[in-house]
Amino acid sequence: MVSETVQTQSKNVCVIGAGPSGLVAARELKKEGHKVVVLEQNHDVGGQWLYAANVEGEDALGRKPFLKVHSSIYESLRLTSPREIMGFSDFPFLVKKGRDMRRFPSHTELLLYLKDFCEYFGLREVIRFNTRVDHVGMLDYGACSNDLKWIARSIDKKTEKVVEEVFDAVVVATGHYSQPRLPSIQGMDTWKRKQMHSHIYRTPEPFNNEIVVVVGNSLSGQDISIELVEVAKEVHMSSRSLNISEGLSKVICKHGNFHLHPQIETLQEDGRVTFLDGSSIIADSILYCTGYSYAFPFLDTKGMVVVDDDRVGPLYEHTFPPSLAPSLSFIGIPRKIIGFPFFESQAIWIAQLLSGKKVLPSWEEMMKSIKDFYHSREAAGIPKHCTHEIANFEYCDKYGENVGFPRTEEWRKQLCLSAIINADVNLETYRDLWDDHELLQEALQSPHFTQLGLADSPL
């Protein structure tokens, strides 16, 4: 067999965002020989994991297109997955002496891991901090997608200086936990009392002695309710389904001031909240823990990529818009996956497509693949707003095959599942009491943990 030497190209690439997906994108693009600039609106790396205590001036329901605050992390937040499964493939999330050594550490520990990753791979030099991207568009709209160039306009937040630059390619890595997704409730616009989305929830103290309605029973809705119940007069959780987990049921039974309700029917101006079963209460505050939407307010693709009910599309493999790829790509859109390794496989594919090492299928093939995917989701009764929820290890492994990325280790899958099962039954204690010790030992002795030969032992 004759081996062909591929003449690789070096491209000038702009990565938007220095969170986990932007950092690994920068690492892979650099490794592949591209020239990279990362534009980051905050003062440091981390994205969602860079905790912002000050939420003053942010719209309480996050209804503005450009948000002032990016991070939605609250002060007490701890990881919902064990640290062993979270690391990038070649950079395990090790325990460090003098830091948070718990298996489910606080958000600060994950930020420190990302900073370590950044230092280890020398990424800081390619990041421009305090730089907000306010417009990205095609330079010569109408050019063939192979020759597309992009113009990015950014603003230095300190000097307010505006810079316009031209790039061969743009990688959008802006995350998906910032733009609040809100329900539509009758009376919501005229309700006079306090309403806010969990995007700006930080601590329970402002709700001291209040009657609070928490809308949504997602993991964050449950976590926030558990800490509110200690300071609020009453916590009323409104949930789409009253068929709740054993873990949440235990917490509600334990607290006399924690109540479960169906969905809200109406909000009255005098503060009354009426639920679908006809019951009602007078509340001081409503906290919407109703999740997040995808939003790219800076991006102008002439309608070639749109967000419709939380479906970003059309995107081939959740990453590439067929008409604009590979010069435009998205990292980090999928949810319900083991995030960091998946972002890494996305980054490798993008870097190799841009260098010419890999080639995407034809436009027709990509569009057919997307249509088939949409039809299969529809047939399975999965709503459109769940388009990017993967919840499938096999999909991630298949995706990785495009670039020979290692398959998800069996221990990683099992640790992921055991945490989900434990949280379902033991909501208040699953982060500190677990019974997967054998799996944990298998993980810590695997090549993933022993590869760097670091002095610090994982546990």
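Observations on the model:
- Part-to-part distance (alpha-carbon centres) for segment 396-458 and segment 357-371, which is given in Å: 33
- For segment 296-414, the relative contact order is 28 percent, taking Cα pairs closer than 8 Å that sit 6 or more residues apart in sequence and dividing their mean separation by the residue count.
- Whole-Hz ³J(HN,Hα) from phi, Karplus 6.51 cos²θ - 1.76 cosθ + 1.60, for segment 115-130, glycine and proline x: 5, 4, 4, 4, 5, 4, 9, x, 8, 4, 5, 9, 9, 9, 7, 6
- When the charge dipole of the chain is built from unit charges on Cβ atoms (+1 for Lys and Arg, -1 for Asp and Glu) and taken about the Cα centre, the candidate among ILE85, GLN352, GLY313 whose Cα reaches farthest toward its positive end is GLN352.
- Relative contact order of segment 181-284, defined on C-alpha pairs under 8 angstrom at six or more residues apart (%): 30
- Rounded, prolate or oblate (a/c below 1.5 giving rounded, otherwise prolate when a/b exceeds b/c) for segment 385-459 by Cα gyration tensor: oblate
- Fully extended contour minus Cα-Cα distance, from VAL306 to ALA53, at 0.36 nm per residue: 87.9 nm
- Principal-axis tilt of helix 410-425 within the chain, Cα atoms, nearest 10 degrees: 20
- Helix 219-228 axis versus longest C-alpha principal axis of the chain: approximately 40°, rounded to the nearest ten.
- Helix 363-379 vs. the chain, principal-axis angle (Cα, 0 to 90°, nearest 10): 20
- In this label model, LEU61 and CYS253 are separated by 3.7 nm, measuring between points 7 Å along each Cα→Cβ vector.
- Under 17 Å from a label point set 7 Å out along the Cα-to-Cβ vector of ASP270, the amide N atoms of segment 173-190 belong to 187, 190.
- Each residue of segment 397-402 was assigned a 3J(HN,Hα) from its phi angle through the Karplus curve 6.51 cos²θ - 1.76 cosθ + 1.60 (θ = phi - 60°); the sequence is 5, 5, 4, x, 4, 4 Hz, with glycine and proline shown as x.
- Charge tally around GLY356: other residues with Cβ under 11 Å, Lys/Arg +1 each, Asp/Glu -1 each, net +2.
- Taking amide H atoms as placed 1.01 Å from N in the peptide plane, the amide H of VAL214 lies under 5 Å from those of HIS236, MET237, SER238, LEU287, each 5 or more residues away in sequence or on another chain.
- When the GluC sites (Glu not before Pro) in segment 222-251 are filtered for DSSP coil states and for at most 12 other beta-carbon atoms within 10 Å of their beta-carbon, the remaining sites are GLU230.
- Mean Cβ count within 10 Å, highest first, over the residues of peptides 75-87, 8-20: 8-20, 75-87
- Net +/- balance of residues flanking SER89 in space, Cβ distance below 12 Å, scoring K and R +1, D and E -1: -1
- Share of carbon and sulfur in the accessible area of the chain stands at 51%, probe radius 1.4 Å.
- Restricting the GluC sites (Glu not before Pro) of segment 150-223 to loop positions (DSSP other than H, G, I, E, B) with no more than 11 neighbouring Cβ atoms within 10 Å leaves GLU160.
- Taking label positions 7 Å along the Cα-Cβ direction at both ILE421 and GLN451, the computed distance is 2.7 nm, reported to one decimal.
- Here the label points at LYS149 and SER76, each 7 Å from Cα along the C-beta direction, are separated by 5.4 nm in the simple model.
- Hits among lysines - C-alpha to C-alpha of LYS68 under 27 Å, sequence gap 8 or more where chains match: LYS115, LYS157, LYS158, LYS161, LYS192, LYS194, LYS302, LYS336
- Mean separation of Cα contacts under 8 Å (6+ apart) over length of the chain, as relative contact order %: 20
- Cβ-based net charge around GLN263, under 13 Å, with every Lys or Arg adding one and every Asp or Glu removing one: -1
- Per residue accessible area of segment 186-230, 1.4 Å probe, in Å²: 40
The values are calculated or read from the model by the stated rules, or taken from the named source; none is laboratory data. No experiment lies behind these values; they were computed from the predicted model shown. Positions of Cβ are generated from backbone atoms using ideal geometry, with glycine treated the same way; all protein chains shown enter the neighbour counts. Side chains are part of the model used for accessible areas, which takes the heavy atoms of the whole protein and leaves out ligands, DNA and RNA. Shrake-Rupley method; radii C 1.70, N 1.55, O 1.52, S 1.80 Å.
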